[in-house]
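The structure under discussion appears below in the form of structure tokens.
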Amino acid sequence: MAEDEHGGQLRTVTSSERQVSTGTSLPVTDGFENPGLPEHTPRITDTDPSAAKRIERLIAVVFWVSLAASIFAVVAYFVWPINRDDFASIRLNNLFLGVGIATSMLTLGVGIAAWGKYLMQDHELVESRHITKGSPATRARAVEIFAQANEESGFGRRTLLRNSLIGAVLALPIPGIVLFRDLYNGNNPDPVELLSETMWDKGIRLVRDPTGTPILASEVTIGSVFHVIPDGLIDLEHGMLEEKAKAVVLLMRLPQDRLIESEQRKSWSYNGIVAYSKVCTHVGCPVALYEQQTHHLLCPCHQSQFDVTEHCKVIFGPAGRPLPQLPITVDNDGYLVAQSDFHEPVGPSFWDRKHDYNI
Ligand code: FES
């Protein structure tokens, strides 16, 4: 029998040891009496081979259910595809994918737990505590234990269980891999083009998000901030979310002497009122935190900061370029309107890299 570095032996508890202190070589310092281990009761699978066989088949069925659920998740992905204009299709897709993946993971876990609980060997051990690194003898014993565990768990012997477990484990990641298919751009338009055109155009009113009410220039006081969408967006029957994701804008008014504007863009603001894309130029989170005193915009995702006084240039964080500015003015009724669309693509800067590296 193997020994640990303290000379202690690793062995199975005998019935005469059941009432002695177990599990530690440290002296007992409290006044509680060690109750010892309860009497060991053999399980039905220890005493009845036919019961063990029944349980084995049952667990195999559970693994097959896991495998079937993984396949169901893959099938559901194709049978209930996401139609961008139909919220019901998103719900159905998420529901059936979720049911398939959750069932496959749950049944796989239940099957593994049941295998350990009902079929693996059920005995108790006494082991002395020792420093983390084991002696050569301890490590040799560990190898011995692995071999013993393999024998006792039946992993090598119970081929039906082992193979069904392997099948279920192999099938588990398949739904996740299939989901990566959504990253394939296929025949969709170039994302640079997609992000270069938004609903903004000459004369389109800036309206509040989400009510759609237009904004008088006189309503925008210094220090205030408005979340803005183009007029007509909420009336769209198709693609409203996609259009909104590109066209959302933050509107702020600064004291005019705080604005440092380039010659080219002097006419893009109106009496200190400026409008910038709300889509972060890092990876596209909504930039929604405005610091009135410093006139900084903060993106909550990775803490990029933009200076509104200087065309939203990046002053901190991973964003690759300033937020695109929307040129604005007022119409005859005093409502704020766009002068044109953005002059550059909104959102993440990968389009920039595309041109840099000529991909
Ligand atoms: S998305 Fe804004 S900092 Fe990363």
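Annotation note: GluC sites (Glu not before Pro) in the stretch 38-130 located in DSSP loop regions with a Cβ neighbour count of at most 11 within 10 Å are GLU39. Helical content of the chain, expressed as a calculated mean residue ellipticity at 222 nm, amounts to -11000 deg cm²/dmol (DSSP H runs of 4 or more residues, -39,500 (n - 2.57) each, divided by residue number, nearest 500).
Estimate the FRET efficiency between GLU193 and ILE166 by the formula 1/(1 + (r/R0)^6), using the beta-carbon distance for r and 56 Å for R0, to the nearest 0.05.
Working: r = 47 Å, r/R0 = 0.83.
E between GLU193 and ILE166, to the nearest 0.05, is 0.75.
When each full DSSP H helix of the chain is screened for a Cα extent of at least 24 Å along its own axis and an average Kyte-Doolittle hydropathy of at least 0.5, the helices passing are 49-79, 87-114.
Just flag the chymotrypsin sites (Phe, Trp or Tyr not before Pro) in the stretch 158-215 sitting in loop per DSSP whose Cβ has no more than 12 other Cβ atoms within 10 Å. Taking the stretch 158-215 and a limit of 12 other Cβ atoms within 10 Å, the loop chymotrypsin sites (Phe, Trp or Tyr not before Pro) found are TYR184. Loop-resident chymotrypsin sites (Phe, Trp or Tyr not before Pro) (DSSP state other than H, G, I, E or B) in the stretch 28-76 with no more than 12 further Cβ atoms inside 10 Å of their Cβ: PHE32.
Model label sites at ARG258 and GLN339, defined 7 Å from Cα along the beta-carbon direction, differ in position by 2.2 nm. Residues whose amide H comes within less than 5 Å of that of VAL207, counting only those at least five positions distant or on another chain, are ILE229, ASP231 (H built at 1.01 Å from N in the peptide plane).
For the stretch 275-284, putting each phi into the Karplus relation 6.51 cos²θ - 1.76 cosθ + 1.60 with θ = phi - 60° gives couplings of 10, 10, 4, 8, 8, 4, 7, 7, 10, x Hz, in residue order, rounded to whole numbers and with x for Gly and Pro. If you take all other residues with their beta carbon under 15 Å from the beta carbon of CYS312, and give Lys and Arg +1 and Asp and Glu -1, the sum is +1. Which longest uninterrupted range of the chain lacks any trypsin sites (Lys or Arg not before Pro) assigned by DSSP to a loop state (not H, G, I, E or B) and surrounded by at most 13 other Cβ atoms within 10 Å? Answer - 203-359.
Grab the beta carbon distance between GLU237 and LYS313, set R0 = 41 Å, and tell me the FRET efficiency rounded to 0.05. Please list the in-between numbers first.
Working: r = 38 Å, r/R0 = 0.94.
Calculated value: 0.60.
Read the figures in this text as sums done on the coordinates, not as results from a lab. Keep in mind that what you see is a predicted model, and the values were worked out from it rather than measured. Heads up, the Cβs are rebuilt from the backbone with ideal geometry, glycines too, and the neighbour counts pull from every protein chain shown.
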